[in-house]
Amino acid sequence: MSEDRLRAAVAAGVLGSEESHRALLQSIVQVARAIFSAKASSIFLHDAEADELVFEAVAGEGSESLVGTRIPSSTGVAGWVLVTRQPLVIEDLTNDPRFARETAESTGYVPKGLMAVPLLHEDNALGVLNVLDRPQRSKFSLAEMDLLGLFANQAAIALDLLVHAREAAGILAGGDGDLGVVARVAASLDALEDERREAGMRLLQDLERVLRND
């Protein structure tokens with residue numbers, strides 16, 4: 001039994017549901033769109049196994065149909081930001097070689113400008129946050145970049161939780177062997193109330209310390 005998979009099994013009962021993490025991502029793009037008065041905002045998750053970017057949350061233009069849509073990870077501005085791990089602001093996409101117009105057209109919305117920031121957690125580039133077509137009242141400021149960075153930090157945490165929740169759900173769904181037993185115990189402990197739950201959480205924390213060889 002690998003240490004990583006055992007940790008995922010322990011996490012199965014304490015990370016919350018996939019639905020709750022996706023709801024958090026959706027709230028992040030909705031607030032980002034509102035704060036920047038943008039036409040749309042979206043979060044991509046990088047599916048490393050398939051090497052694709054997946055729309056996980058969308059607010060504004062395209063919000064009804066884009067969630068779950070996949071594109072190659074190297075596509076357009078989002079792909080550039082993912083690979084370079086650098087934020088990017090483009091006021092006019094018309095002649096920017098990084099802009100994948102055909103891909104944008106396939107989504108049903110072609111932006112004129114965008115802000116994009118990588119979603120980084122520890123050493124991993126988990127995805128990209130986009131804010132599309134904010135009003136060009138003035139040049140992009142450092143204050144706006146700091147604000148965008150705050151949204152990116154929250155989105156990266158939510159994406160990391162979502163990925164681990166999906167891994168944990170897979171272990172629970174398998175249900176067989178030692179991993180399934182550990183996952184079910186973790187889930188049962190999380191369902192307890194008050195003092196019993198606190199005692200169970202301490203047990204899980206002790207187990208995590210053992211796994212880390214603390």
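Quick notes
- Exactly one residue among Val110, Val58, Val67 is open to solvent by less than 10 Å² (accessible area, probe 1.4 Å) and at negative phi, and that residue is Val58.
- Evaluation of Gly127 against (1) closer than 18 Å to Ile35 by Cβ; (2) at pLDDT 90 or above (one fails), failing number: (1)
- If you go through region 120-144 and keep only what is in contact with a helix residue (DSSP H, G or I) (Cβ under 7 Å, 6 or more places away or on another chain) and under 20 Å from Gly60 (Cα atoms), you end up with Gly127, Val128, Leu129, Asn130, Val131.
- Region 121-148, residues that are surrounded by 17 or more Cβ atoms within 10 Å (Cβ to Cβ) and without any contact (Cβ under 8 Å) to a residue 40 or more places away in the chain: His121
- Selection from region 23-66 of residues that are of a type in the set (D, E, K, R) and more than 15 Å from Ala156 (Cβ to Cβ): Arg33, Lys39, Asp47, Glu49, Asp51, Glu52, Glu61, Glu64
- Scan of region 150-167 for residues that are open to solvent by less than 80 Å² (accessible area, probe 1.4 Å) and either closer than 16 Å to Ala38 by Cβ or not in a helix (DSSP H, G or I) (or both), ordered by number: Phe151, Ala152, Ala155
- Tallying residues that are charged (D, E, K, R) and surrounded by fewer than 13 Cβ atoms within 10 Å (Cβ to Cβ) within region 81-100 yields 2.
- Restricting region 24-43 to residues that are farther than 14 Å from Val128 by Cβ and out of contact with any Pro (no Cβ under 9 Å at 6 or more places or on another chain), the residue that is surrounded by the fewest Cβ atoms within 10 Å (Cβ to Cβ): Ala34
The values are calculated or read from the model by the stated rules, or taken from the named source; none is laboratory data. Keep in mind that what you see is a predicted model, and the values were worked out from it rather than measured. In this analysis, Cβ positions are derived from the backbone assuming ideal geometry, glycine residues included, and neighbour counts consider all displayed protein chains. With ligands, DNA and RNA removed, areas are computed over all heavy atoms of the protein, side chains included. Shrake-Rupley method; radii C 1.70, N 1.55, O 1.52, S 1.80 Å.
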